[in-house]
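One structure is given here, and the rest of the page talks about it.
The values are calculated or read from the model by the stated rules, or taken from the named source; none is laboratory data. Here the structure is a predicted model, which means the values were calculated and not measured. Glycine gets a Cβ as well: all are built from the backbone with ideal geometry, and neighbour counts include every protein chain shown. Surface areas here come from the heavy atoms of the whole protein model, side chains and all, with no ligands, DNA or RNA. Shrake-Rupley method; radii C 1.70, N 1.55, O 1.52, S 1.80 Å.
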Amino acid sequence: TQQCEFECDEQGKPIRAFGTTQDITSQKLVDQALEKERLRYKHVVENISDGLIIDNIEGKVTFANQQFLDMIGIEESDLDNFVFVDYVSPEFKDVITDRHTRRMKGEAVSTIFQYAGVRKDGTKRWFEARVTKIMENGKIAGTQSAIRDITEEKASIDLLKASEAEKTKLLN
């Protein structure tokens, strides 16, 4: 970068110039490297098959990738008023709220669990969540979760169980 100032005489003609030049090549290289890393992480987050969310200690979702938005059937603008448990089937709301509260207190809570969720359009889906704490300066600041839609897997398992039960019934 360069900066220059001129000293002029009474007629406004420049008679002296004062200036500095600073080499900012190393700063530009650092900025470019940081931008490259930011784009790499953004690419991973937006192209992973799981829904990813980050919430704070109060449970407010502060980030969600497009896959999560698609799973739940909401738009990014809906995150401003998004309450996670509003998209959880009633029989799982208390369990999920309790897990979050206990995790934020530092208690050991299972990091992988399955629950029934409700999309914005009201359809029910099964999800598997893998949740980890986010630590900042040695304190719990929230969680990050990878969420996968397992509705088809659950249906296949239920069908297999029904088939096995029918087979057992016929053999008896």
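Spatially close Lys pairs in the stretch 10-158, defined by Cα atoms under 21 Å apart and a spacing of eight or more places or different chains, total 17. Heavy-atom accessible surface of the chain, averaged per residue, reaches 72 Å², computed with a 1.4 Å probe.
For the chain, a Gaussian network of Cα nodes joined below 10 Å ranks GLN27, GLN67, GLN11 by mean-square fluctuation, and the top entry is GLN11. The stretch 91-148 and the stretch 24-72 have their alpha-carbon centroids 20 Å apart.
Where the accessible area of the stretch 1-81 is counted over protein heavy atoms with a 1.4 Å probe, how much of it, in %, is carbon and sulfur? After summing per-atom areas, the C and S share lands at 52 percent. Helix 90-104 versus the longest principal axis of the chain: what angle, 0 to 90°, nearest 10, using Cα atoms? Around 50 degrees separate the two axes.
Return the aspartates and glutamates within reach of LYS161: Cα separation strictly under 17 angstrom, same-chain partners fewer than 8 residues apart disregarded; answer none if there are no such residues. Excluding near neighbours in sequence, the set is GLU152, GLU153. Mean separation of Cα pairs under 8 Å and 6 or more residues apart, divided by the residue count, gives the chain a relative contact order of 17 percent. Which of the trypsin sites (Lys or Arg not before Pro) found in the stretch 90-172 are in a DSSP loop and have at most 12 neighbouring Cβ atoms, other than their own, within 10 Å? Passing sites in the stretch 90-172 are LYS105. Backbone phi angles across the stretch 128-138, fed through the Karplus curve with coefficients 6.51, -1.76 and 1.60 (θ = phi - 60°), yield HN-Hα couplings of 10, 10, 10, 10, 10, 6, 9, 9, 9, 6, x Hz in residue order; Gly and Pro are listed as x.
When you have a sec, figure out the Kirkwood radius of the chain from all distinct Cα pair distances and drop it here in Å to one decimal?
Hydrodynamic radius (Kirkwood, Cα pairs) of the chain is 20.6 Å.
Loop-resident GluC sites (Glu not before Pro) (DSSP state other than H, G, I, E or B) in the stretch 1-79 with no more than 12 further Cβ atoms inside 10 Å of their Cβ: GLU10, GLU58, GLU75.
Using a Gaussian network model of the chain in which every pair of alpha carbons under 10 angstrom is joined by a spring, one finds that among VAL61, VAL30, VAL109 the greatest mean-square fluctuation is at VAL30.
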